[in-house]
Amino acid sequence: MSLLELKNVYKIYGELHALDNVSLKVEKGEWVSIMGPSGSGKSTMMNIIGCMDKPTKGEVLLDGVDISRESARNLTTIRRDKIGLIFQQFHLVNYLTALENVMLAQYYHSMPDEKEALEALDRVGLADRAGHLPSQLSGGEQQRVCVARALINYPEIILADEPTGNLDEANEEIVVDLFHKLHNEGTTLIVVTHDPEVAEVAQRTLVLRSGRLAKEIVNENFTGKIHFDESEGFRKEEVKAANGIQQPEAPQKSGKKKGGKK
Amino acid sequence: MFWRMIRGTLVRQWKKMLMIAFTIALGASLASAMLSVMLDVGDKVNQELKTYGANITVVPKSASVLSDLYEVEGGQTGAYLQEDELGKIKTIFWAFNIVDYAPFLDVNVTADDGTQIRCVGSWFNHHMELPTGEQLDAGITSLRSWWEIKSGAWLDEQTAGDSAQLCMVGSALAEKYGLTAGSTIHLTGEMSDQTLTVAGVFDAGGEEDDQIFAPLNTVQAFAGLDGKIDSIEVSALTTPDNELAERAAKDPGSLTVSQYETWYCTCYVSSICYQIQEVITDSVASAVRQVADSEGAILDKTKLLMALITILSLIGAALGICNLVTASVMERSSEIGLMKAIGAQNGIISGLVLTEIFITAIFGGLLGFAAGFGFAQIIGHTVFGSAITMKPMVIPIVAILVVLVTLAGSIPAIRMLLHLRPAEVLHGGH
Ligand SMILES: Nc1ncnc2c1ncn2[C@@H]1O[C@H](COP(=O)(O)OP(=O)(O)OP(=O)(O)O)[C@@H](O)[C@H]1O
Ligand SMILES: [Mg+2]
């Protein structure tokens, strides 16, 4: 049984089909990227998988449970127990320290455990920043706190919606390396990204277009490491083409990379 | 963690929280002030009505007309009743219903420091042996039974003898001149001066606290008004008025003979008044209870007004809180969305927000309560001329009101919080 299975999922806003008959499977331990032009329904899909939204039609099986039928309360419990979320805007609580932000996830899950939270920060390389407030951390560091918070309760799936959208290349690499570690530990990863470099490190890239699954690219020489060498990036061109944003891609990317810090 | 979160919000949103505390303080202060005034003044007046012996006053006809026209106090009009007619009151048809009465004579005297003092002559426990063989001790000892004796005792006319020159002094006056039982005060009237010995100090809770009460003949001597009095207070047992009594009170002449007889032979206040007027020359007897009743009605209206002010101020506070709490929750919507996203159930988040608000509310409530206590004293002194004792009952009532208002004010924010969908606020950034 797949860890996650979407069967003919629709999300309809009035006339707009944000998701249009999407079916897919994600196996346990898999690392999947999702790409697609803006408005193609990536976040919509992530919200549904992340138990934060319900599909208009169709079934979403997470660990064999159809989450499209659950109450809001149960969805919160499922999200708490099975899902780790990473956001583009980090969403740290700004009056809590890095450590406390991680402990907050423990608090809602079970019991805050300072030692364990410190270990999680250590894993993302921020043990020495435990007492800092988000405003005292760089964007990359904030995102790493966010990763530590997402993994603290040993989720089955980590969902990241444009995790590197606000980061520069150095921090992007650190975050991708963290994903690689998590992948090696057996965590299932689903990462939405506009960045082909981030997308292509995954085992599989799904391309959405206008709410439909347009393309699936399998990474045969999967290493989990980011390649910055343009010459061997044949796949990158393919991914870019699939994304439908050949030309605007470059300026859009550099624009984003300016804002390492909010 | 919970408290850490609460501290975080309270510190970060201290301005909003201060506004909430202030709003609650305002509501609570009004509520506690109004409630304590309502409860205390209500009690005071009720007690007075219950123990208020006299239900009929008798004044000279001209004084009555004048005081009706100009609302001046009787006594300064130059018209007097005759002391020697007092006994006739016990000879009227309803004599047995007259349980107590006392004459009054108000004069102004001057203390040695030049201050004018109102000196009232009256009976204290005047002993009467009536032609019917009935014996009666009449006077203000029973007609003013609610007076609190602060020092000494009630002046006892029967044991004092005529030459004793005793008096009773109101508490405010006694305080001013440092008088206690046994001290003396020298007073100069229009015609004579006398040194009076204080038999007792009383607290009447009203304007009488600034007056001196002395036996009738003493006061008559001050002003050279031997045998004169300017009013009589009568305490009579009466039947509640009905339509007939009301009609008769306006004009007994409008009744038919049989109606007149029924009226005359029923102990309505108006018929007793009528009969008193028949025996006391040139007098007007009127029911005091009517005055007391209208005072009661005004008091009820005042209380109603205060209750309305309280309710309105509480509604205002609730609306204010509602605005502020909603703004506070809205400001934190992405934080709340995040909490939900990482697994916080609605209950935990509502608990968090409510705890914050209630900590603020307790703070504001205490502040408001203290302010309200002061406010009540101000109202008490300016409006009712006496201090307001804070009833312990006010505390739980205000506490409950604060809780209700805070809850009511938080409802919209909590509803918003419950309906807040994490997906909407967390992806709002792009
Ligand atoms: N709550 C909503 N009500 C109406 N339309 C919505 C709502 N949420 C999303 N949409 C629409 O659904 C479509 C898909 O949105 P979605 O956020 O999934 O796009 P995306 O692929 O994440 O885009 P981006 O790359 O810009 O983040 C968009 O056209 C969006 O306008
Ligand atoms: Mg998106």
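The values are calculated or read from the model by the stated rules, or taken from the named source; none is laboratory data. From a predicted model like this one, the values you see are computed outputs, not experimental measurements. Note: ideal-geometry Cβ built from the backbone for every residue, glycine included; neighbour counts use all protein chains shown.
Taking segment A:155-168 as the range and being assigned to a loop (DSSP other than H, G, I, E, B) and either within 15 Å of the chain's Cα centre (by Cα) or within 16 Å of ligand 2 (Cβ to nearest atom) (or both) as the test, the residues that pass are A:Pro155, A:Glu156, A:Glu162, A:Pro163, A:Thr164, A:Gly165, A:Asn166, A:Leu167.
Conditions tested, residue by residue: (1) within 11 Å of chain B (Cβ to nearest Cβ); (2) assigned to a helix (DSSP H, G or I).
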position: A:Ile48; (1), (2): yes, yes
position: A:Cys51; (1), (2): yes, no
position: A:Thr77; (1), (2): yes, yes
position: A:Asn94; (1), (2): yes, no
position: A:Met111; (1), (2): yes, no
position: A:Glu119; (1), (2): no, yes
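Residues in segment A:147-181 that are of a type in the set (Phe, Trp, Tyr) and out of contact with any strand residue (DSSP E or B) (no Cβ under 8 Å at 6 or more places or on another chain): A:Tyr154 only. Consider segment B:3-36 and keep the residues that are of a type in the set (S, T, N, Q) and assigned to a helix (DSSP H, G or I). The one that is nearest to the other protein chains (Cβ to nearest Cβ) is B:Thr9. Take the conditions (1) more than 8 Å from chain B (Cβ to nearest Cβ); (2) of a type in the set (Lys, Arg); (3) touching a Cys at 6+ places or on another chain (Cβ under 8 Å); A:Arg123 misses just one of them, which is (3).
Taking segment A:8-26 as the range and being farther than 25 Å from A:Asp63 by Cβ and among the aromatic types (Phe, Trp, Tyr) as the test, only A:Tyr13 passes. Would you confirm whether any residue within segment B:277-298 is crowded, with 19+ Cβ neighbours inside 10 Å and of a type in the set (S, T, N, Q)? There is at least one residue in segment B:277-298 that is crowded, with 19+ Cβ neighbours inside 10 Å and of a type in the set (S, T, N, Q). For segment A:201-224, enumerate the residues that are outside any strand (DSSP E or B), in contact with a Lys or Arg (Cβ under 8 Å, 6 or more places away or on another chain) and under 23 Å from A:Thr44 (Cβ atoms). Correct list: A:Gly211 only.
Do the conditions hold for B:Ala387, that is, is it exposed (fewer than 14 other Cβ atoms within 10 Å of the Cβ) and either within 30 Å of A:Ser71 (Cβ to Cβ) or in the same structural domain as B:Val329 (by TED's automatic domain parsing) (or both)? Against the criterion (exposed (fewer than 14 other Cβ atoms within 10 Å of the Cβ) and either within 30 Å of A:Ser71 (Cβ to Cβ) or in the same structural domain as B:Val329 (by TED's automatic domain parsing) (or both)), B:Ala387 qualifies.
Considering each residue of segment A:50-85, count those that are surrounded by fewer than 22 Cβ atoms within 10 Å (Cβ to Cβ), β-branched (Val, Ile, Thr) and under 27 Å from A:Val207 (Cβ atoms), and give that number. So the answer is 1. Determine, yes or no, whether A:Thr164 is within 14 Å of chain B (Cβ to nearest Cβ), free of Cβ contacts under 8 Å to residues at least 40 places away in the same chain and within 16 Å of ligand 1 (Cβ to nearest atom). The answer is yes for A:Thr164. In segment A:136-147, of all residues being more than 13 Å from the chain's Cα centre (by Cα) and within 14 Å of chain B (Cβ to nearest Cβ), the one that is surrounded by the most Cβ atoms within 10 Å (Cβ to Cβ) corresponds to A:Gln142. Restricting to segment B:246-276, what's the tally of residues that are under 19 Å from B:Phe96 (Cβ atoms) and surrounded by 15 or more Cβ atoms within 10 Å (Cβ to Cβ)? Of the residues in that region, 14 qualify.
Just to check your reading of the model, which residue among A:Leu3, A:Leu24 is modelled with pLDDT under 95, touching a Leu at 6+ places or on another chain (Cβ under 8 Å), more than 21 Å from A:Glu162 (Cα to Cα) and away from ligand 2 (no atom under 16 Å from the Cβ)? Exactly one of A:Leu3, A:Leu24 is modelled with pLDDT under 95, touching a Leu at 6+ places or on another chain (Cβ under 8 Å), more than 21 Å from A:Glu162 (Cα to Cα) and away from ligand 2 (no atom under 16 Å from the Cβ), namely A:Leu3. Residues in segment A:184-200 that are within 13 Å of ligand 1 (Cβ to nearest atom) and assigned to a loop (DSSP other than H, G, I, E, B): A:Thr193, A:His194, A:Asp195. Are there any pairs with C-beta distances below 7 angstrom linking a residue in segment B:216-244 that is closer than 11 Å to B:Pro103 by Cβ and touching a residue at least 40 places away in the same chain (Cβ under 8 Å) to a residue that is part of a strand (DSSP E or B) and basic (Lys, Arg), with the two at least 6 apart or on different chains, and if so which? Going by the 7 Å Cβ cut-off, the qualifying pairs are B:Gln220/B:Lys228.
Does at least one position in segment A:63-72 carry a residue that is facing another protein chain (nearest Cβ under 10 Å) and at pLDDT below 90? There is at least one residue in segment A:63-72 that is facing another protein chain (nearest Cβ under 10 Å) and at pLDDT below 90.
Considering A:Leu99, A:Leu104, which residue is crowded, with 22+ Cβ neighbours inside 10 Å, facing chain B (nearest Cβ under 10 Å) and farther than 25 Å from A:Val198 by Cα? Only one candidate passes the filter, namely A:Leu104.
Is it true that B:Met330 is part of a helix (DSSP H, G or I) and over 48 Å from the mean Cα position of the chain (by Cα)? No.
Here A:Asp81 passes the criteria (1) more than 10 Å from chain B (Cβ to nearest Cβ); (2) part of a helix (DSSP H, G or I); (3) over 26 Å from A:Glu169 (Cβ atoms) except the one numbered (1). Counting only residues that are crowded, with 23+ Cβ neighbours inside 10 Å and near ligand 1 (Cβ under 7 Å from one of its atoms), segment A:19-39 holds 1 of them. Among the residues making up segment B:393-430, those that are outside any helix (DSSP H, G or I) and more than 16 Å from ligand 2 (Cβ to nearest atom) are B:Met393, B:Leu420.
All of (1) within 13 Å of the chain's Cα centre (by Cα); (2) in a helix (DSSP H, G or I) hold for A:Asn171 with one exception: (1).
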